[in-house]
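Engineer: Before we start, here is the structure in question, set down as structure tokens.
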Amino acid sequence: EVSGGIFDALSISLDVAFLYGPIDGFVQTPKGGNPGSTSSKRPTFEELGFDTISIYEFSMRADWDVHSIFGGAQLARLSGGSRLDEELTSQNVTFPAGSYVDADIQLDWYWLEYLYRFDLSPEGRPNVFTVAPGAGVSVFAFHYKLDGSGEEGVDRQYPKVGIRLGCELTWMITDKLSAHGRAFGSLPIPNTPQIIDLELVGRYQLWKSRRVKGLGYLGIAYDRIDYKDKQTVPNHILVEMGPMLKAGLQIQF
């Protein structure tokens with residue numbers, strides 16, 4: 001905890017985590033929304049040679065009394081190559097069946113949230129079980145690059161902002177061991193990314209000094225990103241990641 005006056009109750013947490021698991025979906029990318037400029041619901045991650053994904057997550061949290069500000073980033077990136085089983089059109093570029101393509105796909109997203117914590121613990125045992133509903137914003141930073149064996153290639157990127165609601169649950173099982181659940185999702189506003197993130201992790205205190213505490217955690221997570229714009233033939237990005245293993249380290253000040 002940060003000490004001094006009104007800051008006595010302020011706690012700062014820094015997290016770094018690694019997620020790994022299956023990925024499914026597609027990145028439909030037309031040119032100008034014109035019919036015929038993209039194959040429907042393609043390319044899929046599977047045909048580009050991606051069936052798993054590794055994600056790095058960084059976050060920072062400030063807790064004061066019952067209030068929390070939570071922000072972070074998930075860096076989800078794919079890079080590799082594959083030979084196409086059938087002809088593919090993307091952003092008005094056609095890649096013949098049997099041709100080899102190199103793909104680089106960025107599915108990063110960032111968030112900033114406010115949460116208000118309610119203590120639902122038994123009388124005389126504060127902060128054993130807490131519920132924290134919240135709201136915030138997210139930014140989906142998409143970048144898609146596809147290169148063929150010749151001069152043909154596709155390069156498309158854009159950021160999109162969404163509004164999110166959700167809730168966190170924490171159960172202090174012992175002084176050192178806790179369970180933490182989280183469920184957040186985007187409001188269904190047209191032309192905004194629909195991002196769902198779910199997680200359930202167990203946390204264990206690894207060390208504690210007068211000013212710093214370290215916790216390790218392990219659990220499962222699931223993320224889903226669905227973005228579709230309003231063009232005649234839309235950009236349509238659908239990504240399902242999970243169930244994923246999540247492991248991380250948290251430092252509290």
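Engineer: Taking square-rooted eigenvalues a ≥ b ≥ c of the alpha carbon gyration tensor, is region 28-149 rounded, prolate or oblate, where a/c under 1.5 means rounded and, failing that, a/b exceeding b/c means prolate?
Structural biologist: Taking the square roots of the gyration eigenvalues as a ≥ b ≥ c, region 28-149 is prolate.
Engineer: With a Cα-only, solvent-free Debye model of region 20-90, what are the log10 I(q)/I(0) values at q = 0.16, 0.20, 0.22, 0.27 Å⁻¹?
Structural biologist: -0.72, -0.89, -0.98, -1.17
Engineer: Given the alpha-carbon gyration tensor of region 170-253, what are the semi-axes of its equivalent ellipsoid in whole angstrom, ordered largest first, with each equal to the square root of 5 times an eigenvalue?
Structural biologist: With the √(5λ) rule applied to region 170-253, the semi-axes are 36, 12, 11 Å.
Engineer: Would you please classify the overall shape of region 212-253 from the alpha carbon gyration tensor, given that a ≥ b ≥ c denote the square roots of the eigenvalues, rounded means a/c under 1.5, and beyond that prolate means a/b larger than b/c while oblate covers the rest?
Structural biologist: In terms of gyration-tensor shape, oblate.
Engineer: Find the relative contact order for region 156-245 and round it to a whole percent, using C-alpha pairs within less than 8 Å whose residues are 6+ positions apart.
Structural biologist: 21
Engineer: Ok, one more. If each residue's Cβ is checked for other Cβ atoms within 10 Å, how do 57, 113 rank with the fewest at the top?
Structural biologist: Details: 57 18, 113 21.
Ascending Cβ contact count within 10 Å gives the list 57, 113.
Engineer: Select from 48, 120, 200 the residue whose mean-square fluctuation is largest in a Gaussian network model of the chain (Cα-Cα springs shorter than 10 Å).
Structural biologist: Fluctuation is largest for 120.
Engineer: Taking every alpha carbon pair in the chain, what does the distance histogram look like in 5 angstrom bins from 0, in percent?
Structural biologist: 1, 6, 12, 16, 16, 13, 10, 8, 6, 5, 4, 2, 1, 0, 0
Engineer: Distance cut-off 32 Å, Cα to Cα: go down the list 145/230; 176/228; 213/246; 160/208 and report the pairs above it.
Structural biologist: 176/228; 160/208
Since every read-out is calculated from the coordinates, none of them should be taken as a lab result. All figures in this text were calculated on a predicted structure; none of them were measured in a lab. Neighbour counts run over all protein chains shown; Cβ positions are idealised from the backbone, glycine included.
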